[in-house]
Amino acid sequence: MVDRLALANLPTPLTAADRLTEAWGSPRIWIKRDDLTGFGLSGNKIRKLEYHLAAAREAGASALITAGAAQSNHCRATALAAAQLGFDCHLFLRTSDGLPVDEPTGNHLLHHLSGAVLHFVTPEQYAGRTEMMAAKAAELKGAGTPAWVIPEGASDYLGMLGFAEAGRELAGQLAGYDGPPAVWHASSSGGTTAGLAMAASQTNHAFVVVGTSVGDTVAELNDRLAAIWQETSRHRSLSKNIRSPILTDAYIGGGYGVVSDEELRCQLEVTRLTGLLFDPVYTGKAIYALREEIRSGRMDEYSDIVFWHTGGGFGVFAHDFSAVLA
Ligand SMILES: Cc1ncc(COP(=O)(O)O)c(C=O)c1O
């Protein structure tokens, strides 16, 4: 049994998006409201951090180290969790030139407000983040501050456990529905997808896992999933019937963090039909991808679709909506 700190407000609600379903003439759309997890302000990351923070405490760490993009939701959730639980926090943040951001907005403003120590790195330096974080951990240990390193997106075995738990939570909420529904979600560092796939196999395939990439190719996502499974297999006998999730990279558009006006317009349409905020980089891209798949008729085989809202609403404060609001 792996320890877990119960930090998030769980279970998160599963709500019917009736106005959206009607407007899109689609299979019934449900929203899994992980934007309401609460801890660290919102989103999917706290489910993974519940396991990492328990392990950090168990290991006697007094600092956390992690890495991400300058607008990283994961870094924001980690930094705020560290503040609440009394860990020091070091964030390695990727910017295009490795320099601090002039005017912090969105999650990045929250990185500053949390009191975390921010280390800015170039994309080239970021490629060596594992070594950089290990070096920082060694330095902190030498200074008497043992640190716990959390990989990008907390997407490793421990983080995956958080989303396996989440998938079992959803399966419980689906009891009594016809099925199985498609569980549509944004996929990036892979922990969310890996955990959901494990939960699907543990619940007799109560749902079908469909991940839409926000920047990487399917081959790259599959490599990440393979690394998580490999680590998982060292800790427990992987059930033989984990079905590969359905993955698409058809909607990465201009790549990670590049958001088109068409995607933003779709996001606004959904906000106005649901009252929900979306992160243009993750959930906004994912809801656009879902709309396009529904339009193509490829979702007709499902009676229900669950859109996993993985949070990240602060992203709206880091994007320019002027072209689509005009
Ligand atoms: C809001 C949001 N949704 C989805 C994801 C993707 O989750 P994962 O990194 O587990 O693939 C992220 C990752 O940063 C995120 O911040």
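Out of all the residues in the range 285-299, is one or more hydrophobic (A, V, I, L, M, F, W, C), under 15 Å from ASP35 (Cα atoms) and under 18 Å from the mean Cα position of the chain (by Cα)? Yes - at least one qualifying residue is present in the range 285-299. Filtering the range 165-197 to residues that are within 21 Å of ALA54 (Cα to Cα) and away from the ligand (no atom under 12 Å from the Cβ) leaves GLU165, GLY167, ARG168, GLU169.
Do you know which residues across the range 277-297 are surrounded by fewer than 20 Cβ atoms within 10 Å (Cβ to Cβ) and more than 17 Å from SER213 (Cα to Cα)? Answer for the range 277-297, where residues must be surrounded by fewer than 20 Cβ atoms within 10 Å (Cβ to Cβ) and more than 17 Å from SER213 (Cα to Cα): ARG295, SER296, GLY297.
For the range 16-27, check the following and say yes or no: at least one residue is within 16 Å of the ligand (Cβ to nearest atom) and part of a loop (DSSP other than H, G, I, E, B).
Looking for residues that are within 16 Å of the ligand (Cβ to nearest atom) and part of a loop (DSSP other than H, G, I, E, B), one finds none in the range 16-27, hence no.
Can you confirm whether the range 199-208 contains a residue that is crowded, with 24+ Cβ neighbours inside 10 Å and within 13 Å of the ligand (Cβ to nearest atom)? The answer is no; no qualifying residue exists.
Scan the range 151-162 and give yes if some residue there is in contact with a strand residue (DSSP E or B) (Cβ under 9 Å, 6 or more places away or on another chain) and either farther than 24 Å from ALA250 by Cβ or part of a loop (DSSP other than H, G, I, E, B) (or both), otherwise no. Walk me through it before giving the result.
So the first thing to find is which residues in the range 151-162 are in contact with a strand residue (DSSP E or B) (Cβ under 9 Å, 6 or more places away or on another chain), and the list is 151-154.
Cutting the leftovers down to either farther than 24 Å from ALA250 by Cβ or part of a loop (DSSP other than H, G, I, E, B) (or both) gives us 151, 154.
Yes, because at least one residue in the range 151-162 is in contact with a strand residue (DSSP E or B) (Cβ under 9 Å, 6 or more places away or on another chain) and either farther than 24 Å from ALA250 by Cβ or part of a loop (DSSP other than H, G, I, E, B) (or both).
Scanning the range 240-263 for residues that are away from the ligand (no atom under 16 Å from the Cβ) and among the hydrophobic types (A, V, I, L, M, F, W, C), we see that the one that is surrounded by the fewest Cβ atoms within 10 Å (Cβ to Cβ) is ALA250.
Could you tell me which numbered condition GLU50 fails, if it satisfies all but one of (1) in a helix (DSSP H, G or I); (2) within 20 Å of PRO280 (Cα to Cα)? It fails just one condition, (2). The helices (runs of 4 or more DSSP H) found wholly in the range 69-142 and carrying at least 3 residues that are within 20 Å of the chain's Cα centre (by Cα) and either farther than 23 Å from TYR282 by Cβ or of a type in the set (A, V, I, L, M, F, W, C) (or both) occupy 73-85. Within the range 67-88, residues that are among the acidic types (Asp, Glu) have Cβ atoms under 7 Å from residues that are part of a strand (DSSP E or B) in these pairs: ASP88/ALA63, counting only partners at least 6 apart in sequence or on another chain. Among the criteria (1) touching a residue at least 40 places away in the same chain (Cβ under 8 Å); (2) touching a strand residue (DSSP E or B) at 6+ places or on another chain (Cβ under 6 Å); (3) not aromatic (Phe, Trp, Tyr), the one THR21 does not fulfil is (1). All of (1) more than 21 Å from GLU293 (Cβ to Cβ); (2) more than 15 Å from the chain's Cα centre (by Cα) hold for GLY153 with one exception: (2).
Quick note: the coordinates plus some simple rules give every number you see, no bench work behind them. Just so it is clear, the model here is predicted, and its values are computed rather than measured. For neighbour counting, all protein chains shown are included, and Cβ atoms are generated from backbone atoms with ideal geometry for every residue, glycine included.
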